[in-house]
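> After the C-alpha cells below, expect a handful of questions from me.
Since every read-out is calculated from the coordinates, none of them should be taken as a lab result. If you're wondering where the values come from, they're calculated on a predicted model, not measured in any experiment. Virtual Cβ from ideal backbone geometry, glycine too; neighbours counted across all protein chains shown.
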Amino acid sequence: MSTTPADPAALLALAQEVARQAGELLLAGREGAVSALATKSSPTDVVTEMDHAAEKLIRTALLAARPDDGLLGEEGSDIAGTSRVRWVVDPIDGTVNYLYGYPAWSVSIAAEVLDPGSGPHASGEAVAGVVLVPAAGAAWTATLGGGAWRDGRRMHGSQARSLAQALVGTGFGYTAETRRRQAEVLTRVLPAVRDIRRSGSAAYDLCCAAEGLLDAYYERGLNPWDLAAGGLIAREAGLLVGGRDGRPASHDLAIAAPPALYAALAGLLSADPPAGQ
Ligand code: IPD
Ligand code: CA
Ligand code: CA
C-alpha cells in the first residue's frame, strides 16, 4: 500500500493529459451524437453514452497510471483507493451545452489528498485541477499553493470593487422546485449587479471568475465534481470560495468572489434559506 501521495505538479500533468484525451473523444463523439439524435428515442440517451464513455476513458487512464488511487465520478465511479489520492471527475460539465453544440462544456478533473487515517471514500483537499473546454481549446489549471494558470498566464480574478459594477455568473439546477428558489434569489441579485451570466458549466464559470471574465459566481446545488477543480482554480487565483455563513462551499451554496466583493454577495445570498427550510 502506498502512503505518500505524488506531488501536485505530477498529478496535474497526468490530469491535463487525460483531460486532453477525453476532450478529443468528446469532440469526435459530438458529431456522432448529432446524427444519432435523429434516430434515438431520447436525446438524453446519446448524451449519457458520451458522459459514460468519457468517464470510462478518464478512469481507465488515471488508474492505469496510478492504480492505488481512489476516484469519484459523476457517472457512477466511486472507487476506494489506498494512496490517499482521490480523483474527482466530471467527464462533461455542461451536458446540455454539449448536446446543442453550445461551446461552454468542459472536462473537469481534480486530485484530492485525503487526511491520513480517513476512510477510503472520504473527501479531501484539492491539490491539482484542470478544467478543459475542448470546443474553445482552452484549459485552466491550478496546483495548491502554485497559482492558477491559463496557457502560461497567471490568473488573478477580477479587480472590481463594487457589486453594482459586477458581472456575476450563476447556474440553475434541473428540478422545478430548485429553479423556483433560484429564480427568487435572482430577484434580489439581478437589481444589485451589473448583469448576470449563465453559461451552463459550473466548472467553466469558476474558471471565468478566476480569470476575471466574470467578477464573481454563485450557485446552489453543486456536486463535488462540479466544484473540485474549478474551486481550486478560483482559490489559487486569489478568490474567496465559500458557502453559507462562513462554511465551506457545498451543495447548499457555493460562492467564488474576490475579497472586495465576497461579503456583499454572500450577504445578498444569505437571505435564501438552506434547502429543506
Ligand atoms: C451542471 C452544470 C450547470 C450547473 C448545474 C450542473 P452537468 O452540470 O455545471 O452549469 O448549473 O448545477 O449540474 O449536469 O452538465 O454535469
Ligand atoms: Ca456538472
Ligand atoms: Ca456532468
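> Being more than 16 Å from ligand 3 (Cβ to nearest atom), among the small types (G, A, S) and free of Cβ contacts under 8 Å to residues at least 60 places away in the same chain is the filter; apply it to the stretch 170-204 and report the residue that is surrounded by the fewest Cβ atoms within 10 Å (Cβ to Cβ).
A176
> If you take the residues in the stretch 92-132 that are within 16 Å of ligand 3 (Cβ to nearest atom) and hydroxyl-bearing (S, T, Y), which one is surrounded by the most Cβ atoms within 10 Å (Cβ to Cβ)?
Here the answer is S106.
> Select from the stretch 71-91 the residues that are away from ligand 3 (no atom under 16 Å from the Cβ) and either hydrophobic (A, V, I, L, M, F, W, C) or within 24 Å of L26 (Cβ to Cβ) (or both) and list them in ascending order.
In the first step, residues of the stretch 71-91 are kept if they are away from ligand 3 (no atom under 16 Å from the Cβ); the result is 79-86.
Residues satisfying the conditions are I79, A80, V85, R86.
> Quick one: which of T60, T82 is more than 18 Å from the chain's Cα centre (by Cα) and assigned to a helix (DSSP H, G or I)? Write out each step before concluding.
Values: T82 fails: assigned to a helix (DSSP H, G or I).
Residue meeting the stated conditions: T60.
> Restricting to the stretch 70-126, give me the number of residues that are among the hydroxyl-bearing types (S, T, Y), within 16 Å of ligand 2 (Cβ to nearest atom) and within 22 Å of K56 (Cβ to Cβ).
5
> Here are some conditions: (1) within 16 Å of ligand 2 (Cβ to nearest atom); (2) under 30 Å from D7 (Cα atoms). Y174 meets all but one. Which one does it not meet?
Going through the list (1) within 16 Å of ligand 2 (Cβ to nearest atom); (2) under 30 Å from D7 (Cα atoms), Y174 breaks only (2).
> Taking helices (runs of 4 or more DSSP H) that do not extend beyond the stretch 143-253, which have at least 3 residues that are under 13 Å from the mean Cα position of the chain (by Cα)?
Numbers: elements: 176-189, 202-211, 224-236.
In the stretch 143-253, 202-211, 224-236 are the helices (runs of 4 or more DSSP H) which contain 3 or more residues that are under 13 Å from the mean Cα position of the chain (by Cα).
> Now for a separate question. Inside the stretch 92-107, can you point out the residues that are within 11 Å of ligand 1 (Cβ to nearest atom) and in a helix (DSSP H, G or I)?
First, pick out the residues of the stretch 92-107 that are within 11 Å of ligand 1 (Cβ to nearest atom): 92-99, 104-107.
T95, V96, N97, Y98, L99, listed by residue number.
> Can you give me the number of residues within the stretch 62-91 that are surrounded by fewer than 18 Cβ atoms within 10 Å (Cβ to Cβ) and more than 16 Å from ligand 1 (Cβ to nearest atom)?
Qualifying residue count, the stretch 62-91: 9.
> Going through the stretch 246-259 one residue at a time, which ones are out of contact with any helix residue (DSSP H, G or I) (no Cβ under 7 Å at 6 or more places or on another chain) and surrounded by fewer than 23 Cβ atoms within 10 Å (Cβ to Cβ)? Let's see the steps before the verdict.
Filtering the stretch 246-259 for residues out of contact with any helix residue (DSSP H, G or I) (no Cβ under 7 Å at 6 or more places or on another chain) gives 246-248, 250-251, 258-259.
Result: G246, R247, P248, S250, H251, P259.
> Here is a further query. Restricting to the stretch 215-231, what's the tally of residues that are in contact with an Asp or Glu (Cβ under 9 Å, 6 or more places away or on another chain) and more than 13 Å from ligand 2 (Cβ to nearest atom)?
Summing the residues that are in contact with an Asp or Glu (Cβ under 9 Å, 6 or more places away or on another chain) and more than 13 Å from ligand 2 (Cβ to nearest atom) in the stretch 215-231 gives 2.
> If I ask for residues that are at positive phi and within 7 Å of ligand 1 (Cβ to nearest atom), which ones from the stretch 196-213 would you list?
Step one: list which residues in the stretch 196-213 are at positive phi, which gives 200, 212.
Result: G200, single match.
> Evaluate the following for R235: is it of a type in the set (K, R) and surrounded by fewer than 20 Cβ atoms within 10 Å (Cβ to Cβ)?
Against the criterion (of a type in the set (K, R) and surrounded by fewer than 20 Cβ atoms within 10 Å (Cβ to Cβ)), R235 does not qualify.
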